[in-house]
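Each remark here refers to the structure printed beneath this line.
The values are calculated or read from the model by the stated rules, or taken from the named source; none is laboratory data. Source: prediction; values computed, not measured. Here the Cβ is made from the backbone with ideal geometry for all residues, glycine too, and neighbour counts use every protein chain on show.
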Amino acid sequence: MLVRIRQELAEAAPLAVLVGATLGYGLTTMLASALGQNSSLSMEALMIGTLQIFGPVGVNLIWISRSAPLRVGLVARHRWHQMQLGERPDAGGPRLWRELTAAMITAVLLLPYFVGAILLAGVVATPRLDNAGQLWELMGQISPGDLMQTLLRTALFAAVAEALCLRKGRRLQTSLEELPRLIADAIPECFLAVIVLEAAWLTLIDPFHGILR
């Protein structure tokens, strides 16, 4: 499991940094223009948006695009091997939980790359001279509760996406020639599931959390 986590992290981290930096720079420039070059408000809005929306969703979309084909392929090949030996397919158990745990850990470890790239690019895009001080000021405004909520959502979305990949890979029926179709079906399904979960979280859980606070 650790080998797979390291492999997927090495493959997805550069993309997370690239996408995060592009998103952070573009959003900060747009916010600064809309808010009249107010860098403090722009960075606060960027930080809130990153924790509440862009972080969990962005990390999982990147993880899906890089890792979902591999996950579906591994499960489908395992299923094909069982069919060749005449064995019954796995129903879950320890293997299922290992796969879900690996996906959640990988997504959570990707989060600092993505969020860090967004915030660093946002700081570079603002007109203030004290970039380092501004970055530390932003980091100090992140509450433990908001951080835990972001980590929880990231892990939850990754677990759901991984479950969909496992389910899709187990649908192999006759031969490995079905694998490209299974992968092509799995990626948009995982994307849609993450977006739906994020929308449900923002509309159902976030307002309730705000009332409790």
Q) Does any residue of the stretch 190-203 turn out to be at pLDDT below 95 and not in a helix (DSSP H, G or I)? A) no
Q: Kindly indicate the residue of the stretch 39-79 that is surrounded by fewer than 24 Cβ atoms within 10 Å (Cβ to Cβ) and among the basic types (Lys, Arg) and also nearest to residue 176 (Cα to Cα) among those meeting that condition.
A: 77
